[in-house]
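The structure under discussion appears below in the form of structure tokens.
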Amino acid sequence: MAFWQDGYEGTTMRSLQEATGVNGKGLSNVFGDKEQIFLKALEAYSEMYENVLNDSFAIPSLVAIEKFFEGLIEDQGTAEDPLSNGCLMVNTVFEIDRASGDVKKIVDQYRHMFVVHFSKSLEAANIEGVDDKAEFLVGMLWGALLQMKLCSSRAAAVPMTQQVLKTISSWG
């Protein structure tokens, strides 16, 4: 959660120790340095979202895409809501200018998960231009998530997401 809230640069080993309750050298002895801990956090975050996507798109369809986007704005939550911080992966892309190869690989795989799920759903709905539309959806999703981060509010994604939903409905 520390990386998600404060970013890579803003997260210190001390804040990681406070977040985990592991003091002293115990954290680095078990998990390694800050970058190694960050990579583990990115991997865990990616795995979590892989499960969310597998559930959301268990039956690939245009409706599944619409429900996914609706889920971004259904519950506005509170400032403490983790989604008020946007998306750890999107935040990482915009925070770290020259990510290590390991970070870039994880972020690229994460992004690809969305492209695949959107593509399969568009194909199932017999929508033309699947590749372009899947890329459009990922771009709009990442833009909405960035809005959440910039404004510290899920409500910031509402206008963009509503436009995406109108666009999706025009495809079907």
- Item | Residue list for the range 104-158, filter: touching a residue at least 60 places away in the same chain (Cβ under 8 Å), surrounded by fewer than 19 Cβ atoms within 10 Å (Cβ to Cβ) and more than 16 Å from the chain's Cα centre (by Cα) | Lys120, Glu123, Ala124, Ala125, Ile127, Ala155, Val158
- Can you confirm whether the range 125-144 contains a residue that is out of contact with any Phe, Trp or Tyr (no Cβ under 9 Å at 6 or more places or on another chain) and of a type in the set (A, V, I, L, M)? no
- Members of the range 14-46 that are exposed (fewer than 14 other Cβ atoms within 10 Å of the Cβ), among the hydrophobic types (A, V, I, L, M, F, W, C) and at pLDDT 85 or above: Ala44
- Message: Being at pLDDT 90 or above and either farther than 25 Å from Gln109 by Cβ or among the aromatic types (Phe, Trp, Tyr) (or both) is true for just one of Tyr49, Tyr8. Which residue is that?
- Response: Tyr49
- Message: Could you check the range 15-66 and list, in sequence order, the residues that are under 17 Å from Ala2 (Cα atoms), part of a loop (DSSP other than H, G, I, E, B) and among the β-branched types (Val, Ile, Thr)?
- Response: Val22
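The values are calculated or read from the model by the stated rules, or taken from the named source; none is laboratory data. For clarity, every value in this text was computed on a predicted model and none was experimentally measured. Because the Cβ atoms are built from the backbone with ideal geometry, glycine has one as well, and the counts that use them run over all protein chains shown.
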